[in-house]
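Read through the structure below, which is laid out as structure tokens, and then see the notes.
Nothing in this text is a laboratory measurement; each read-out follows from the coordinates by a stated rule. This structure is a prediction, so every number in the text was calculated from the model and none was measured. So basically every Cβ, Gly included, is an ideal-geometry build from the backbone, and we count neighbours across all protein chains shown.
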Amino acid sequence: MASPISAFSAFPAIRHDSLTLVALPNAVWLARAYTAATLRGWGFSDEQFVDDARLLVSELVTNAVQALGMHVVMPKVSTLLADESLIRLVLEVVPGVDALLIEVWDADPRAPARPGRPGIDSEHGRGLAIVDGLAASWGYRYPKDAALPWIKVVYATIRSPPTGGANRRCP
Ligand SMILES: Nc1ncnc2c1ncn2[C@@H]1O[C@H](COP(=O)(O)OP(=O)(O)OP(=O)(O)O)[C@@H](O)[C@H]1O
Ligand SMILES: [Mg+2]
């Protein structure tokens, strides 16, 4: 599957993992827990970095769940089992870049809105503003070689601190 950051393609990922989730509200909790466990497993002990990565994941996965609409009504089992109900979270650290790449793939053709300035009483519209403030870069793409059912990827990068295990290649 294509990486949204072309500069990364010259380097093999030394840390790459992914999790596929059904787009239900508990996907957000699972994605957060998976992110923390994965980053700690990769040797990242900087709690601020893990917290920031978890927050980015949380906002992007929440948006994907909401875009697929299964948080609103109790879905039928056939909907739950449909490929289009799946979200894919990818975490990747690439040598020489010192960045964590977070990708959230979904099957909704709509693009994320540009982050605005939500009013003080507004209950929505803050997620991407948080992403915009926290991430080194973020955006979305419709990769031509996306594996079905996913058609869109929303991604964010964040600078990663050094880790004792970062120079070791994945088995
Ligand atoms: N993955 C996505 N697919 C389709 N639309 C998206 C996606 N992510 C975001 N959007 C759109 O962009 C809008 C802004 O997202 P943002 O996260 O900033 O606010 P929100 O989700 O509406 O509210 P909040 O995150 O504050 O609870 C969303 O309301 C939605 O319309
Ligand atoms: Mg949101």
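Across Gly139, Gly127, Gly116, mean-square fluctuation computed from a Gaussian network of the chain (C-alpha pairs under 10 Å connected) peaks at Gly116. Between Asp17, Asp106, Asp145, the Gaussian network model of the chain with springs among Cα atoms under 10 angstrom shows the greatest mean-square fluctuation at Asp145. Here the gap between Ala147 and Leu30, fully extended at 0.36 nm per residue and compared with their Cα-Cα distance, gives a gain of 39.9 nm.
Computed from phi, the 3J(HN,Hα) profile of the range 110-118 under the Karplus parametrisation 6.51, -1.76, 1.60 (θ = phi - 60°) reads 6, 8, x, 6, 5, x, x, 10, x Hz, with x in place of Gly and Pro.
Helix-only arithmetic for the chain: the sum of -39500 (n - 2.57) across DSSP H runs with n ≥ 4, divided by the residue total, places the mean residue ellipticity at 222 nm at -9500 deg cm²/dmol.
A protection proxy built from the mean count of other Cβ atoms within 10 Å ranks the segments 46-53, 28-35, most packed first, as 28-35, 46-53. Backbone amide hydrogens, once placed in the peptide plane, bring Asp108 within less than 5 Å of Ile151, Lys152, excluding anything fewer than 5 places away on its chain. Each Cα pair under 8 Å and six or more residues apart adds its sequence gap; the mean of these over the residue count of the chain is a relative contact order of 29 percent.
Shown is the FRET efficiency for Arg114 and Glu84, computed with R0 = 35 Å from the Cβ-Cβ distance and rounded to the nearest 0.05: 0.85.
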